[in-house]
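Undergrad: Submitted below is the structure of interest, expressed as structure tokens.
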Amino acid sequence: MSFPLLTVTAALPALGAVATAAVPAARRTAAKWLALVVSLATLALAITVLVRFDPGGARYQLTESHAWIADFGVRYELGVDGIGVALVALTALLIPFIILAGWHDADPLETGSRRWRPTQGFFALILAVEAMVVLSFEATDVFLFYIFFEAMLIPMYFLIGGFGDRAHEHGEETASTQRSYAAVKFLLYNLVGGLIMLAAVIGLYVVAGNFSLQEIAHARATGSLHMATSTERWLFLGFFFAFAVKAPLWPLHTWLPNAMQESTAPVAVLITAVVDKVGTFAMLRFCLGLFPEASKWATPVILVLALISILYGALLAVGQRDIKRLVAYASISHFGFIIMGIFAMTSQGQSGATLYMVNHGLSTAALLLVVGFLISRRGSRLIADYGGVQKVAPVLAGTFLIGGLATLSLPGLAPFVSEFLVLVGTFTRYPAIGIVATLGIVLAALYVLVLYQRTMTGPVKPQVSAMPDLRVRELVVVAPLIALLIFLGVYPKPVTDIVNPAVKQTMSDVHKKDPKPEVEAAK
Amino acid sequence: MNPVNYLYLAALLFTIGATGVLIRRNAIVVFMCIELMLNACNLAFVTFSRMHGNLDGQIIAFFTMVVAAAEVVVGLAIIVSLFRTRHSASVDDASLMKL
Amino acid sequence: MENLIALLIAAPLLGAAVLLVGGRRLDAVGHWIGTLLSAASFVIGLVLFAGLLGRDAGSRTLIQHLFSWIPVAGFQADVTFRLDQLSMTFVLLITGVGSLIHLYSVGYMEHDERRRRFFGYLNLFLAAMLLLVLADNYLLLYVGWEGVGLASYLLIGFWQHKPSAATAAKKAFLVNRVGDMGLSIAIMLMFTTFGSFAFGPVFSHVGDTSQGKLTAIALMLLLAACGKSAQVPLQSWLGDAMEGPTPVSALIHAATMVTAGVYLIVRSGAVFNAAPDAQLAVTVVGAVTLLFGAIVGCAKDDIKKALAGSTMSQIGYMVLAAGLGPIGYVFAIMHLVTHGFFKAGLFLGAGSVMHGMNDEVDMRRYGGLRKYMPVTFITFGLGYLAIIGFPGLSGFFSKDKIIEAAFAKGGTEGWILGGAALLGAAITAFYMTRVMLMTFFGEERWRNQPTRSPEAPSAEPAAEHRGEHAEPHPHESPKVMTIPMIVLAVGSVFGGAFFSIGDRFLHWLEPVTGHSEGNSPVSAWTVTGATMVCLVVGVAIAWAQYGRKPVPAVAPRGSLLTRAARRDLLQDDFNHVVLVRGGEHLTRSLVYVDHTLVDGVVNGTAAGFGGLSGRLRRVQNGFARSYAVSMFGGAALLVAATLLMRAV
Amino acid sequence: MSATQLAAYTTSTGEAFQFWVLGTVAVIGALSTVFMRKAVHSALSLAGTMIVLAVFYLANGAYFLGIVQIVVYTGAIMMLFLFVVMLVGVTAADSLKETIKGQRWLALLCGAGFGVLLLAGIANASLKEFDGTGQANANGNVQGLASLIFTKYVFAFEITGALLITAAVGAMVLTHRERTERAKTQRELSEQRVREGTHVPPLPAPGVYARHNAVDIAGLLPDGTPSELTVSKTLRERGQIRDVSTEALNDLRALEQRAEERLERRQIEPATFKRAEEASK
């Protein structure tokens, strides 16, 4: 029995959460540092996982397996493939930045406010979310995955409902009501999805007799486990619905804008860059891995929905007045790209989608965190309240612009690679959809540049004239993200090397081959 | 005459008691009605024990009595303390179960 | 020697990084760092050029493979550079003109507190442009393609506090994005067709696929070229792009970036040659644009906008030539290079004029400046003669060749295109003469009047630093600005002759682009004669209108065409009405739909449950007795149930 | 064969007669328990029903239970009820008017339905023959019960014991008020009254100034205003105070008039009466 690296990677933040929550109320700063240290340690562990992972080796590595609920064949099974390991690394990488960016978001409000913000709780919840997310990336037992997939909601609910922007245009009362509305909406949406998924999970057990992803997939591949077509399709829909809610796919997306608008920027990053990735990841691993035929059956509809998400999200982003809502709709558009890449069923599309998950995490984090710094300075989320920031805070504006350019996937920055891969992968099999989706890059340029023009350029608004530029802490948060964006844009090979084998296996799961080019040109 | 008649009687009494519980507002009377129901049950038990020719029914009736006694003691104590606080023995006044 | 290629890009890239990240402590020396690094890149270019000349014409292609960029299954994108005669030409043009304009900017941007950043952007542009022309596959070219777009965005919007500048920058980027869409679709098509998008494999397998596919690819490439080179219908951004500082207009929007479209078409010659329909489309676009730009150029009173129109029309010439296929490729590039010289020179001259005139841009407030700024006058004049194709100067050779080639296409197309080209030449002569006369001749209209009427905002806020609002005192610009102008003037005088004598340029480029002499229905001399006639006519009309009569200080209402031309032939109005308004309505209605429909369904369900529970709640009246009733009723039901069960 | 064993497995006509007569009584008692307006009457009629049931137990051969029924229920529990009724107020007759909408009809409906179902169920059970408690009571009913209780049901028995103890303690806890400080002496009370300035004189005796001897009528103060203080606390808490009615005041005035005439005093100005009247209103 080797050292349970994966369990430890997930357990560390969990314990850290408990420890952080236990710090006495007065020692606020201690709690922050504790949380930061724990997250960094987790990052170190994740990096060791990354190093120990051998792209050429078995599909699932560093596996652990213990009997858990013997009566129902539920096992505590962990293991990571290339996709999982990349996402675990992404999560562990982002959390320290999130904590650092939210350093003051949970400080008690000034005297005279009726709400006291439990700092310890804030950071403990973030660590708890990290633990759940990491576990759901690692779980290879369907039931185990389901548990963490659902449990994630609880800390997220409190993070959204409990901690809002420091200053709010309508005052604290409306702020808290809107917050709770957003939190409840988030919870209900995801609970409904989870409920349907639970039904599907039970159904799967009834059909397959156990929950082990590998066993079921193997049994299906060898044909020893036969599923009626209708059964497979129903189960697939059950799973897919939950994942489509989590990684908002039109028309199940409306919880995301509220949640991101009302929560603080770091939490918004947590939602869109970390938690939602579980949805897309699970599509790739469970939907395609367990129900290949049904996946192929549903592909056309899903592709159309993804296409709608791309254009719809982009168009709505153009129409927003609230910066965070704008970013939220942009994310919806990006998730459309990811899902499209997954279901294009080409290795370019799926590698692109996986790469996209990582890059979107980085780019959205960069943009949203800068937005958070901006909002914390001016105390308003409305685009109209800004103008000419570039003049008074050039560094802030510069980072903002780079984040924005990453969001519109400018070549040379990481998201371009993934987006282009997704487009190509889709185009090779569904040219029409690929071409229409390309409109998304124009719209992306539109909403990003309009946002930048309205907030950063033009005459300096009096309210922003005294705005300070980025502080050291904030630079420490943003600079590494930007560096990573540039590096992965110029040299994405390290990630693709890890991802490609896993993608090849997924492709073989669904018995799909890339369409051959019309002319086999000499490579 | 067949002792089944005793059962009919018991059923009748029980129903009357139950209806009383539903109709009356005075807590004490409601309580009396409950006693009436208990007694009806006892009668039924005793009759059964006669029909089956063993004493178990009577035993149950006996226990019922004991429990009823305990219940009455506590219940009346509750009524008294209620009356002390709100100067009324009406069950409708204790309608705080509303949402 | 291949390893030097990366250095070409690395030098300005390093400069950009240093200048943009370095912060304020570099403010003092920043501009010199930028200039030195671009000059270094130019020197490397010269070394490589020498190296290429050292080889025989066949093997003048250098490939440098740096690393594998995006390796995914069949999709292999590498970072590989390709230096052949074509890219060499561009490298020299870009780095050469670029360095000169760096030098010029040192003087021009002297008073701007963000000069360091300006040079950082300039270096970034150089790096991206070099990447564009050195890339060995279309995806890498795409990176440079968007990179120059970014640089142009940043530089157009350099004076961001001016809303007009910010808007113009955004517009430029968006219109370019539409073109980029074309490029990316073209790349996808190549991938699905050839399984690769590197120049080599694609060009070598052109023969193996269908006409339709090639036409599609070529048209998509044309769309991209239209976006980047401001060709109809995507030309609307170039005029607004003049919001940027004048050196930017000279470097990016005259000499180099806007010619990238021509490069793309010439580079993809193999594809275009195999798709005649697409070639026809290219020529049409070129012809239309060269007339369009010329007409716009005639109507503008803003000197930079007038030059922008002329740029548009000159690039129209190049595109037209490139569309003609092997007959025209070489001349397209040649005109591109000469145009790079004289148009850059003209812009720098304009900048120098504005520099001396408190950044006044309205030519109706110039006049008689020749004796105040002689150097500017001479260099500008030489540029002027070059662009109108005065015999012996560079424009004469390159443009003349293009017109010949147009005729040489043969058939009615040949006649139409040639006619358009001739007409364009005439109009060019007209509007350039107009610019010349209004600026340097005539009475001095800038006397005894305020520099600038308040409603016309300053084009370039450098004035705020010098900031006198009295009558301007025209003066010659400093050496650092005049030297580049002189160099460019020299280039624009002798460049054409140097290239054409003994077809040097033709032989240099032929191995890459290939060349074929079309069978022209009319002899070369006839064409030249016709061109001369057009030239004279154009100049004469212009002199009649602006030389003899005094120029009114306020623009007359003018004919319908003039007014339309002042508004860029209503292109922007069209865009505004159709795209902007329509888009706004679309987004607004979608926001509404999202809120009411998509979200409304959900909230409606929630409200429904809420109401239901509200009703049910009434039952919970809190009276123990009514609860007892329900309990009792339940008991009764149970008894009934048991009885029924026994009965059944 | 003794009458007891006889009563075991047969039912004599005498028992039948007894059943029909006493059964009617029991039902009537139950009904009046439900429908009497005063709690006391309900309690009494319930007691009657219980006695009848006791007789029935005896008739069913449950001698021990019969006795226990009389002693425990009628003797102890009903007395407890009566005590509580006294505490809560004998005269507090609560109206039978229904306050909850539809409650009564629902109740009657459920009751009727339930009763019918129950009777139907019993009839359906079709218990024709029965074996009496003959050999069960062979060696004495009490002995039989005892042997069962202390063998088979011994644990239940013990637990009921515990239950009873708990109930007793609970009742005490609920009702008993612990006196935290010692009772104030009369002196301390008067001193406190002086300190607070309330009722410096001792409370007026009821009916003194009211010229009326009822305990439940508030006496009049010197200025003619009635004072509730004169009525005992219990009555006050029960809300059983009858105030000085206007006619009482009127004949009081008439009385004084006659006294005036007899003593030939001068007409006293009606102001005082007015004040008295106003006060009484």
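Nothing in this text is a laboratory measurement; each read-out follows from the coordinates by a stated rule. Keep in mind that what you see is a predicted model, and the values were worked out from it rather than measured. Cβ coordinates were reconstructed from backbone atoms using ideal geometry, including for glycine residues, and neighbour counts include every protein chain displayed.
Undergrad: Among the aspartates and glutamates, select those whose C-alpha is under 16 Å from the C-alpha of A:LYS513, and discard any that sit fewer than 8 residues away in the same chain.
TA: Within reach: A:GLU293.
Undergrad: Efficiency by 1/(1 + (r/R0)^6): what FRET value for C:PHE609 and C:ARG646, r their Cβ-Cβ distance, R0 = 30 Å, to the nearest 0.05? Working shown, then result.
TA: On the way: r = 40 Å, r/R0 = 1.33.
Taking R0 as 30 Å, the efficiency between C:PHE609 and C:ARG646 is 0.15.
Undergrad: Can I ask one more? How are the Cα pair distances of chain A distributed, in percent, across 10 Å bins from 0?
TA: Bins of 10 Å from zero give 4, 20, 31, 27, 13, 4, 1, 0 percent of pairs.
Undergrad: A further question follows. So how do D:25-31, D:253-259 stack up, highest first, on mean other-Cβ count within 10 Å?
TA: Values: D:25-31: 20.9, D:253-259: 11.9.
In decreasing order of mean packing, D:25-31, D:253-259 become D:25-31, D:253-259.
Undergrad: If you don't mind, another one. Longer than 22 Å from Cα to Cα, which of C:LYS304/C:LYS343; A:LYS324/A:LYS493; C:LYS162/C:LYS305; A:LYS324/C:LYS171; A:LYS504/C:LYS213 are they? Say none if no pair is.
TA: Pairs exceeding 22 Å: A:LYS324/A:LYS493; A:LYS324/C:LYS171; A:LYS504/C:LYS213.
Undergrad: Provide a whole-number value for the mean count of partner chain Cβ atoms within 10 Å of the Cβ atoms in peptide D:138-150. Mind dumping the intermediate values first?
TA: On the way: counts 0, 0, 0, 2, 0, 0, 4, 4, 1, 1, 6, 4, 0.
Neighbouring Cβ atoms belonging to other protein chains average 2 per residue here.
Undergrad: Hey, what D do you get for the protein assembly as shown in µm²/s if you plug the Kirkwood alpha-carbon radius into Stokes-Einstein at 25 °C and 0.890 mPa s? Could you put the intermediate results ahead of the total?
TA: Working: Rh = 40.7 Å.
Calculated translational D: 60 µm²/s.
Undergrad: Something else now. R0 = 45 Å: FRET efficiency of C:LEU7 with A:VAL395, Cβ-based, nearest 0.05? List each step's numbers first, then the result.
TA: Working: r = 30 Å, r/R0 = 0.67.
That pair, C:LEU7 with A:VAL395, gives E of 0.90.
Undergrad: Right, next: Assigning unit charges at the beta carbon (Lys, Arg +1; Asp, Glu -1) and nothing else, what dipole magnitude in debye, to the nearest 20, does segment B:4-86 show about its Cα centre?
TA: Working: 5 positive and 3 negative charges, 74 e Å.
It works out to roughly 360 debye.
Undergrad: Points 7 angstrom from Cα along the Cβ direction at C:HIS161 and C:ILE541: gap in nanometres?
TA: 4.4 nm
Undergrad: Moving to a separate point now. Report, to two decimal places, the Cα Rg of segment A:288-332 normalised by 2.2 N^0.38 Å (N = number of residues).
TA: On the way: Rg = 14.5 Å, N = 45, 2.2 N^0.38 = 9.3 Å.
That ratio works out to 1.55.
Undergrad: How many nm separate the modelled label positions at D:MET86 and A:ALA11, each set 7 Å beyond the Cα in the direction of the Cβ?
TA: 7.2 nm
Undergrad: Less than 13 Å from a label point 7 Å out along the Cα-to-Cβ axis of D:ALA138: which backbone N atoms in segment B:49-72 qualify, by residue?
TA: It comes to B:54, nothing else.
Undergrad: About the Cα centre of chain C, how large is the charge dipole given +1 on each Lys and Arg Cβ and -1 on each Asp and Glu Cβ? Please answer in debye to the nearest 20.
TA: Numbers: 47 positive and 40 negative charges, 333 e Å.
For chain C, the charge dipole is close to 1600 debye.
Undergrad: Next up: Loop-only GluC sites (Glu not before Pro) in segment D:107-189, please: DSSP not H, G, I, E or B, and at most 15 other Cβ atoms within 10 Å. The partial results should precede the final answer.
TA: Numbers: sites: D:GLU129, D:GLU158, D:GLU178, D:GLU181, D:GLU188; in loops: D:GLU129, D:GLU178, D:GLU181.
Taking segment D:107-189 and a limit of 15 other Cβ atoms within 10 Å, the loop GluC sites (Glu not before Pro) found are D:GLU129, D:GLU178, D:GLU181.
Undergrad: Something else now. Restricting to Cα atoms and excluding each atom paired with itself, what does the Kirkwood estimate give for segment C:557-612 in Å? Write down the numbers at each step before the final one.
TA: Values: mean 1/r = 0.0680 Å⁻¹.
After inverting the mean inverse Cα-Cα distance, the result is 14.7 Å.
Undergrad: Where Lys and Arg each count +1 and Asp and Glu each count -1, what net charge lies around C:ARG116 among other residues with Cβ under 15 Å from its Cβ?
TA: Values: positive: C:ARG24, C:ARG25, C:ARG114, C:ARG115, C:ARG117; negative: C:ASP27, C:GLU110, C:ASP112, C:GLU113.
Here the charged neighbours net out to +1.
Undergrad: Sorted by mean Cβ packing within 10 Å, highest first, what order do the peptides D:143-149, A:321-327, D:59-65 take? Write out the running numbers ahead of the final one.
TA: On the way: D:143-149: 16.6, A:321-327: 22.0, D:59-65: 25.3.
Order by mean packing, descending: D:59-65, A:321-327, D:143-149.
Undergrad: Same structure again: For peptide D:60-70, how many partner chain Cβ atoms fall within 10 Å of a residue's Cβ, on average?
TA: On the way: counts 12, 6, 12, 1, 4, 13, 1, 0, 4, 6, 0.
Average neighbour count from other chains, rounded to a whole number: 5.
Undergrad: Can you report the principal axis dimensions of segment A:245-339 using only the alpha carbons, biggest first, rounded to whole angstrom?
TA: Projected onto the principal axes, the Cα atoms of segment A:245-339 cover 43, 24, 15 Å.
Undergrad: How much mean residue ellipticity at 222 nm does chain B get from its helices, if each DSSP H run of length 4 or more adds -39500 (n - 2.57) and you divide by all residues, to the nearest 500 deg cm²/dmol? Mind dumping the intermediate values first?
TA: Working: 3 runs with 77 residues, N = 99.
Estimated from H runs of four or more residues: -27500 deg cm²/dmol.
Undergrad: Given the DSSP H assignment, sum -39500 (n - 2.57) over each helix run of at least 4 residues in chain A and divide by its residue total; what's the result at 222 nm in deg cm²/dmol, nearest 500?
TA: About -23500 deg cm²/dmol.
Undergrad: May I ask you to derive the FRET efficiency for D:THR99 and A:HIS226 from their Cβ-Cβ distance with R0 = 60 Å, giving the value to the nearest 0.05? Don't skip to the answer; put the middle values down first.
TA: On the way: r = 67 Å, r/R0 = 1.11.
Efficiency for this residue pair is about 0.35.
Undergrad: Quick one: Karplus J couplings for segment A:423-438, per residue in order, coefficients 6.51, -1.76, 1.60, θ = phi - 60°, nearest Hz, x for Gly and Pro?
TA: Values, residue by residue: 4, 4, x, 6, 4, 4, 9, 10, x, 4, 4, x, 5, 4, 4, 4 Hz.
Undergrad: Another question, if that's okay. Which whole number gives the average, over all residues in D:102-109, of C-beta atoms from other chains lying within 10 Å of the residue C-beta?
TA: Numbers: counts 2, 10, 4, 1, 7, 13, 3, 5.
Going residue by residue through D:102-109 and averaging, the value is 6.
Undergrad: With viscosity set to 1.306 mPa s at 10 °C, what whole-number translational diffusion coefficient in µm²/s follows for segment B:4-86 from Stokes-Einstein and a Kirkwood radius over Cα pairs? Walk me through the intermediate numbers first.
TA: Details: Rh = 13.7 Å.
D, rounded to a whole number, is 116 µm²/s.
Undergrad: Further question: Do any of C:LYS228/C:LYS401; C:LYS170/C:LYS479; A:LYS296/A:LYS516; C:LYS300/C:LYS409 go past 26 Å between their Cα atoms, and which? Working shown, then result.
TA: Working: C:LYS228/C:LYS401 24 Å; C:LYS170/C:LYS479 34 Å; A:LYS296/A:LYS516 19 Å; C:LYS300/C:LYS409 33 Å.
Among C:LYS228/C:LYS401; C:LYS170/C:LYS479; A:LYS296/A:LYS516; C:LYS300/C:LYS409, the Cα-Cα distance tops 26 Å for C:LYS170/C:LYS479; C:LYS300/C:LYS409.
Undergrad: According to a simple spin-label model (label point 7 Å from Cα along Cα-to-Cβ), what is the distance in nm between D:GLU158 and A:ILE308?
TA: 7.1 nm
Undergrad: Here is a further query. So, by mean Cβ neighbours within 10 angstrom, what's the order for C:569-581, C:405-417, A:470-482, C:171-183 with the highest one leading?
TA: Values: C:569-581: 13.5, C:405-417: 19.7, A:470-482: 17.8, C:171-183: 22.8.
By packing density, highest mean first, the sequence is C:171-183, C:405-417, A:470-482, C:569-581.
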